[in-house]
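Participant: Below is a structure I'd like to ask you about.
The values are calculated or read from the model by the stated rules, or taken from the named source; none is laboratory data. These numbers come from a predicted model, not from an experiment. When we count neighbours, we look across all protein chains shown, and the Cβ atoms used for this are built from the backbone with ideal geometry, even at glycine. Note: areas computed on protein heavy atoms with side chains; ligands, DNA, RNA excluded. Shrake-Rupley method; radii C 1.70, N 1.55, O 1.52, S 1.80 Å.
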Amino acid sequence: MKSIWACLTTLLIGLLVTQPFTLKPQSAFATTDPSIDCDLNRATVLIRGESASRVEHTAAVVLVEEVQKRTGVRWPISTEWPKKGTVIAIVSGEESMLQGREISVSDRENRPEGFTIAYSEPVGGESPEIVWILGADLSGALYGVGKLLRSLDWKEGYIGCDELPIGSSAPDDSIRGHQLGYRTTANSYDAWTPEQYDQYIRELALFGVNAIENIPFQDSDSPLMPVTRQEMNRQLGLICQKYGAQYWVWTPATFDLTDTEERAKLLQQHKAFYQECSHLDAVFFPGGDPGDNHPKHVLPFLKDVSELLSKHHAGAKVWMSLQNFEDDEVDYFFDWITEHQPDWFEGAVGGPSSPPLPEIRKRLPKKYRLRDYPDITHTVRSQYPTPWIDPAFAFTSGREGTNPEPVYYSTIFRAFAQYTDGFITYSDGMHDDVNKTIWSVLGWDVDADVREALIEYCRLFFGPEVAERAADGIYALERNWSGPLETNGGVEATLALWQELEAAAPQLKDNWRWQLCLLKAHYDAYIRARLIHEQNLEDGANTALGEAWGIGADQAMEKALSTFSRADLIDLRPDVNDRIYGLCEDLYQSIGYQSSVEKYGANNAQRSAVLDFVDHPLNNRWWYEDQFSEIKELDSEEEKIARLDVIRKWENPGPGSFYDDIGNVAKSDRVLRGESIATDPLMKRNMNPDYMWWDNGMTRVRQSWISKMDWPMGMRYDGLDPEAEYIFRTTGYAQCLLRADGELLEPYLDGTGIGEIKEFKVPAKHYQDGSMNVTFDIPHEPGVNWRQASRLTEVWLIKR
C-alpha cells in the first residue's frame, strides 16, 4: 500500500498539472494526460554525439535493444533531430542544449543518480513531440531509461505508453547492489557466459541497481564454468564500467591469519587481481562465515590489502563485516576503529551473524558508512528464515528453492533501511530474482508501492497483457509458504492461476523467470498432495501397530510397512510431477539452474537440489523401518509390543495429554507465536523455527527432531485437571531449562542426545486453575556452534 502522503501527493499533483511537465518530489511520479498519444512505433532515440558519456550511450543502446527484443521494432539512434515522428531524447548532466535545440524543461532533477522524464508537445507541426530522459549525472540517464521501459505497453510489432511516467526521481540509498559471485557454490552463476552476466546486470540496472559484487578467488572452480574465473573477474569489471555500476569483491580469509606463509599467498592473490582489473571500487572482507580470525589480526591484514589496492585503483576502499564475532571481538573492533579511524577503511558491513544494524550504526564513528549484506537467497538455516514454513517445504524445497517473498523482504528492508547507506545482498543464484527486484526498488524509494513494483517487473519481463495477474500470482506463490501446508487450499488455486497464465502466454515458455514461477507453483502443489497422502499412510501404519496384541508384533510391523509402501505404488499427480522434471530441464538449459547434484551438477544437496528431494519422505517411514529392525531383535513379544505402543502413540499420548512438535506449524498449537516481523524485525520476541541438516538431507531420524526452536517464547495449556498428576516430557539436544509458571523444574530423566527423553514432574500448584504457562530459559553457551547448541524439538504434557 502507498503511504497516505504518497496518495495525497499524487492526488494534488493530478489537480495542479497544467503543463505537459511538472516535477513530482520524493522519487514519485505523476502521469500525463490520457490525451497524450505518443506514436512510439516510429520513434527516434536522440543522443549527443562524441560528447555523450559511455553510460549515456549505453542507455540509448539498452533502450533500443530491449524494445526490439520485445516488439521486433528497432528504433534508430541519431545525433540529429529528425524531421518527423516522436523523439526520445537522452542526455545527462546540466546540458541546456541538445543538438542545437534548447532543453526546455524546468525543475530538472539534480540529485546524484537521479533523472527527469518530461514531455514536450509538437509546436505548430514543425517540431516533433519529445520524450525527454534527462539524467542528473552519468548514471541517471540509464535509470531513467529503466523507468520508461518498465512503463511501456508492448507486443509483437507494437510499442506504446498509455501513461508516460512524467516526473523526477533520485535514489534514497547510495549503494544498491547484489552479489553475483562466479564460483562453484552458486546454483546458476557458475554456468553463465559473460554475455549472460551482461544481460542480467543490465536488467538489474533497469531497476536502479548501481553495484555488483563478485567473488574472485574464494571457493573452487566449477566444471560448468564456460570461461576461467580469471577471465570472468576481468569481464565483470568491464560490464560494471559499461553500466556505470560499482564493482565490489568479496574476499574472505579461510585460514589463520597468523600463518605468515598463507597470509602472504592471499596478499599476492589480491595484488594479482588488482593488477588485472580495469575497474574496482571496493573490497569487502567478511569477518566470518567463512573464516575465524580475531579482528586484531584482521585489521592489520586489511591495512596491507588497502596499500595494494590503492596502487592500482585510486579511491577504492576496504570494508569489513563482524560476522560470527564474539562479544569481546566486537568490542575490540569498535575500540580500534574509534581510536585509529584509518582513512583506508570505508565502512562496516552488517550481515548474517553480525551485531544488529542499529547497534553497528550507533557504535561506528560517523565518518564511516554502513552497508547491509542481507541474505535474500536462503529459506531455512539463514539470517531471515521464512517464518513458520511447513517442514514439508523445508525438507524438499530446502534452502534454495524458488523463493519469491515480496511481502516478507519488503518488511525486512523497511525495518532497517534507516540505519544504512545501502546494501549489496547475499545471493547464490537466480532463484531469488524477485527478492533482488524488491530490494532494488526499495533501495531507490523506501516508500515505493511493492505491488506496483511487481507489476512493473512482470510488465518488463512477461508483458503488459499478463503483468497484473502475474504480479498477483507471485504474491500467491509467497502465500503457499504461509501456515500449515495440509490445510492451505490456496496452493491448488495458485497452481490453477499459473496454469491459466501459461496457457494465455505460450510465447513465454523459454523465459527463465516465467519458468521459475511455474516450477514453484507445480512443486508446491505436488508437495502438498504428497504430504496429505503420506501423513494418511503414517496414520494407517499406526492403526496397524495397534493390532499387535491380536496378530503379533512381527505381523503388525509387516502390515505397517506394507501401508507405508503405498507411497511407492501410487503415481501421485503424474502430470504435475512430469511438469516439475520438465521445468527443471528447461531452467538448466535457459539459465544454468542446477536443481540436482547428479543430473545438473549442483554444488551440494543444500544448494538448489530441489529435484533430488521432490519425492523425499514426508512422514516418518524411514524412522519406523529402523525402529522395526531393532524391535525384531528383542527377546519377548511383550517387549516388542511395548516398543510398538510407544511408536504408535508418539504424537497421540492419550486423553487429557498434549503433544507439540515445536518447529512444525501444523503440530504446535500450544506454542506462543509472538509478534510478527513487522513489529519485531530482530525476532527478539518472535523466535522462528528452523531445521537441522544431517546426512545431506537424508537423515532417517524422526522428522520432528529435524525441525526445532531455540527457543519458543512460551507455551500455554488450558483445560487441565486440578486433581490429576502431570509430567513434562521433551526431546531436543543438550539442555532444556523449563519453567512452569516461572518455577524452574529439574528433570528426573535427563537425556541430552538427539531424540533422547527428558522428563519433569509438574507441581500441582501450577495448574489448580486449569491453566499453566511454560517458558524456557536460553542456555548460556558462548562459543558453541549453532549445530551443537541446545535446542528444543518436542514437548509433551502427560496426564498420569
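Participant: Please pick out the residue among R74, R54 that is out of contact with any Gly (no Cβ under 6 Å at 6 or more places or on another chain) and farther than 17 Å from L148 by Cα.
Facilitator: R54
Participant: In region 104-126, which residues are in a loop (DSSP other than H, G, I, E, B) and in contact with a Phe, Trp or Tyr (Cβ under 7 Å, 6 or more places away or on another chain)?
Facilitator: Keep residues of region 104-126 that are in a loop (DSSP other than H, G, I, E, B), which gives 104-114, 121-126.
Result: V105, E109, E113.
Participant: A follow-up question, please. Only one of these is touching a Cys at 6+ places or on another chain (Cβ under 9 Å), within 28 Å of D190 (Cα to Cα) and not aromatic (F, W, Y): P385, P374, P404. Name it. Before the answer, list the steps.
Facilitator: Numbers: P385 fails: touching a Cys at 6+ places or on another chain (Cβ under 9 Å); P374 fails: touching a Cys at 6+ places or on another chain (Cβ under 9 Å).
Result: P404 is the single residue among P385, P374, P404 that is touching a Cys at 6+ places or on another chain (Cβ under 9 Å), within 28 Å of D190 (Cα to Cα) and not aromatic (F, W, Y).
Participant: Let me spell it out: the conditions are (1) in contact with a helix residue (DSSP H, G or I) (Cβ under 8 Å, 6 or more places away or on another chain); (2) open to solvent by less than 60 Å² (accessible area, probe 1.4 Å), and T258 meets all of them except one. Which number is the exception?
Facilitator: Looking at each condition in turn, T258 falls short on (2).
Participant: Ok, one more. Could you give me the residue pairs with C-beta distances under 8 Å whose first residue belongs to region 80-102 and is open to solvent by 30 Å² or more (accessible area, probe 1.4 Å), whose second residue is aromatic (F, W, Y) and at pLDDT 85 or above wherever it lies, and which are 6+ apart or on separate chains?
Facilitator: What qualifies is Q99/W81; G100/W81; R101/W81.
Participant: For G463, only one of the following conditions fails: (1) in contact with a Leu (Cβ under 9 Å, 6 or more places away or on another chain); (2) crowded, with 24+ Cβ neighbours inside 10 Å; (3) in contact (Cβ under 8 Å) with a residue 60 or more places away in the chain. What is its number?
Facilitator: Answer for G463: the failing condition is (2).
Participant: Restricting to region 682-706, what's the tally of residues that are among the charged types (D, E, K, R) and at positive phi? Spell out the reasoning first.
Facilitator: Step one: list which residues in region 682-706 are among the charged types (D, E, K, R), which gives 684-685, 690, 695, 700, 702.
Remaining after also requiring at positive phi: 695.
Residues flagged as among the charged types (D, E, K, R) and at positive phi within region 682-706 amount to 1.
Participant: When you go through (1) of a type in the set (S, T, Y); (2) under 9 Å from the mean Cα position of the chain (by Cα); (3) open to solvent by 10 Å² or more (accessible area, probe 1.4 Å) one by one for T425, which number turns out not to apply?
Facilitator: Looking at each condition in turn, T425 falls short on (3).
Participant: Output the number of residues of region 708-735 satisfying the condition of being within 30 Å of V784 (Cα to Cα) and among the acidic types (D, E).
Facilitator: Total meeting the criteria: 1.
Participant: From the list L460, L454, L501, which one is under 21 Å from V576 (Cβ atoms) and part of a helix (DSSP H, G or I)? First the steps, then the outcome.
Facilitator: Numbers: L460 fails: under 21 Å from V576 (Cβ atoms); L454 fails: under 21 Å from V576 (Cβ atoms).
Criteria check complete, one pass: L501.
Participant: While we're on this one: Regarding region 120-139, can at least one residue be identified that is within 30 Å of I175 (Cβ to Cβ) and in contact with a Pro (Cβ under 8 Å, 6 or more places away or on another chain)?
Facilitator: yes
Participant: Next up: Collect the residues in region 15-52 that are touching a strand residue (DSSP E or B) at 6+ places or on another chain (Cβ under 9 Å) and at pLDDT 85 or above, keeping them in residue-number order. Even if it seems obvious, please write down each step before you answer.
Facilitator: If we filter region 15-52 for residues that are touching a strand residue (DSSP E or B) at 6+ places or on another chain (Cβ under 9 Å), which is where we start, we get 20-32, 36-41, 43-48, 52.
Once the filter is applied, which keeps residues that are touching a strand residue (DSSP E or B) at 6+ places or on another chain (Cβ under 9 Å) and at pLDDT 85 or above, region 15-52 yields L40, N41, A43, T44, V45, L46, I47, R48.
Participant: Quick one: in region 383-415, which of the residues that are touching a Lys or Arg at 6+ places or on another chain (Cβ under 7 Å) and open to solvent by 10 Å² or more (accessible area, probe 1.4 Å) is nearest to N577 (Cα to Cα)?
Facilitator: T402
Participant: So for region 652-660 (the condition being surrounded by 14 or more Cβ atoms within 10 Å (Cβ to Cβ), of a type in the set (D, E) and outside any loop (DSSP other than H, G, I, E, B)), does at least one residue qualify?
Facilitator: yes
Participant: Determine if region 59-76 includes at least one residue that is in a strand (DSSP E or B) and either within 25 Å of I201 (Cβ to Cβ) or in contact with a helix residue (DSSP H, G or I) (Cβ under 9 Å, 6 or more places away or on another chain) (or both).
Facilitator: Applying the first criterion (in a strand (DSSP E or B)) to region 59-76 yields none.
So far as region 59-76 goes, no, none of its residues is in a strand (DSSP E or B) and either within 25 Å of I201 (Cβ to Cβ) or in contact with a helix residue (DSSP H, G or I) (Cβ under 9 Å, 6 or more places away or on another chain) (or both).
Participant: Separate question: Just one of Y332, Y373 is farther than 30 Å from G697 by Cβ and either touching a Phe, Trp or Tyr at 6+ places or on another chain (Cβ under 6 Å) or modelled with pLDDT of 95 or more (or both); which is it?
Facilitator: Y332
Participant: Going by what's in this entry, would W132 be described as more than 29 Å from G422 (Cβ to Cβ) and surrounded by 22 or more Cβ atoms within 10 Å (Cβ to Cβ)? Give the derivation first.
Facilitator: Values: more than 29 Å from G422 (Cβ to Cβ): no; surrounded by 22 or more Cβ atoms within 10 Å (Cβ to Cβ): yes.
Here the answer is no, as W132 does not meet what is asked.
Participant: Please specify each residue of region 616-639 satisfying the condition of being in a helix (DSSP H, G or I) and either open to solvent by less than 20 Å² (accessible area, probe 1.4 Å) or at positive phi (or both).
Facilitator: So in region 616-639, the residues in a helix (DSSP H, G or I) come out as 621-631, 637-639.
Correct list: W623, Y624, F628, I631.
Participant: Please go through region 477-498 and pick out each residue that is assigned to a helix (DSSP H, G or I), of a type outside the set (D, E, K, R) and crowded, with 18+ Cβ neighbours inside 10 Å.
Facilitator: To start, the set of residues in region 477-498 that are assigned to a helix (DSSP H, G or I) comprises 477-479, 490-498.
Pick out the ones that are also of a type outside the set (D, E, K, R) and you get 477, 490-491, 493-498.
Of everything in region 477-498, those that are assigned to a helix (DSSP H, G or I), of a type outside the set (D, E, K, R) and crowded, with 18+ Cβ neighbours inside 10 Å turn out to be L477, V491, T494, L495, L497, W498.
Participant: L611 - would you say it is crowded, with 19+ Cβ neighbours inside 10 Å, over 30 Å from S220 (Cβ atoms) and not hydroxyl-bearing (S, T, Y)? Show your work before the answer.
Facilitator: Numbers: crowded, with 19+ Cβ neighbours inside 10 Å: yes; over 30 Å from S220 (Cβ atoms): no; not hydroxyl-bearing (S, T, Y): yes.
No, not satisfied.
Participant: Pick from region 146-179 the residues that are farther than 24 Å from R70 by Cβ and open to solvent by less than 20 Å² (accessible area, probe 1.4 Å): which of them is nearest to the chain's Cα centre (by Cα)?
Facilitator: Filtering region 146-179 for residues that are farther than 24 Å from R70 by Cβ and open to solvent by less than 20 Å² (accessible area, probe 1.4 Å), the one nearest to the chain's Cα centre (by Cα) comes out as Q179.
Participant: If you don't mind, another one. For region 668-707, name all the residues that are within 19 Å of E486 (Cβ to Cβ), open to solvent by 20 Å² or more (accessible area, probe 1.4 Å) and in contact with a helix residue (DSSP H, G or I) (Cβ under 8 Å, 6 or more places away or on another chain). Write out each step before concluding.
Facilitator: The first filter runs over region 668-707 and keeps only residues within 19 Å of E486 (Cβ to Cβ), leaving 668-671, 673, 689, 691, 702-704, 706-707.
Add one more test, that the residue is open to solvent by 20 Å² or more (accessible area, probe 1.4 Å), and what stays is 669-670, 673, 703.
Matches in region 668-707: Q703 only.
Participant: Restricted to region 225-247, and to residues that are among the charged types (D, E, K, R) and closer than 18 Å to K271 by Cβ, which residue is surrounded by the fewest Cβ atoms within 10 Å (Cβ to Cβ)? It would help to see each step written out before you state the result.
Facilitator: In the first step, residues of region 225-247 are kept if they are among the charged types (D, E, K, R); the result is 229, 231, 234, 242.
Add one more test, that the residue is closer than 18 Å to K271 by Cβ, and what stays is 229, 234.
Numbers: R229: 21, R234: 19.
Per the criteria, the residue is R234.
Participant: Can you find even one residue in region 547-562 that is in a helix (DSSP H, G or I), out of contact with any strand residue (DSSP E or B) (no Cβ under 6 Å at 6 or more places or on another chain), hydroxyl-bearing (S, T, Y) and surrounded by 14 or more Cβ atoms within 10 Å (Cβ to Cβ)?
Facilitator: So the first thing to find is which residues in region 547-562 are in a helix (DSSP H, G or I), and the list is 548-551, 553-562.
Then keep just the ones that are out of contact with any strand residue (DSSP E or B) (no Cβ under 6 Å at 6 or more places or on another chain); that gives 548-551, 553-562.
If we keep only those that are hydroxyl-bearing (S, T, Y) as well, we get 562.
Narrowing further to those that are surrounded by 14 or more Cβ atoms within 10 Å (Cβ to Cβ): none.
No - not one qualifying residue is present in region 547-562.
Participant: Can you tell me which residue among P782, P747 is more than 24 Å from S676 (Cα to Cα), open to solvent by 10 Å² or more (accessible area, probe 1.4 Å) and modelled with pLDDT of 95 or more?
Facilitator: Working: P782 fails: modelled with pLDDT of 95 or more.
The match here is P747.
Participant: Further question: Consider Y373 carefully, then state whether it is among the aromatic types (F, W, Y), in contact (Cβ under 8 Å) with a residue 24 or more places away in the chain and closer than 18 Å to Y426 by Cβ. Lay out the reasoning, then the answer.
Facilitator: Details: among the aromatic types (F, W, Y): yes; in contact (Cβ under 8 Å) with a residue 24 or more places away in the chain: yes; closer than 18 Å to Y426 by Cβ: yes.
Yes: the conditions hold for Y373.
Participant: If you check A544 against the conditions, is it aliphatic (A, V, I, L, M) and either touching a residue at least 60 places away in the same chain (Cβ under 8 Å) or surrounded by fewer than 20 Cβ atoms within 10 Å (Cβ to Cβ) (or both)?
Facilitator: On the way: aliphatic (A, V, I, L, M): yes; either touching a residue at least 60 places away in the same chain (Cβ under 8 Å) or surrounded by fewer than 20 Cβ atoms within 10 Å (Cβ to Cβ) (or both): no.
Against the criterion (aliphatic (A, V, I, L, M) and either touching a residue at least 60 places away in the same chain (Cβ under 8 Å) or surrounded by fewer than 20 Cβ atoms within 10 Å (Cβ to Cβ) (or both)), A544 does not qualify.
Participant: Look at region 54-77 and say how many of its residues are buried (at least 16 other Cβ atoms within 10 Å of the Cβ) and touching a residue at least 24 places away in the same chain (Cβ under 8 Å).
Facilitator: Qualifying residue count, region 54-77: 14.
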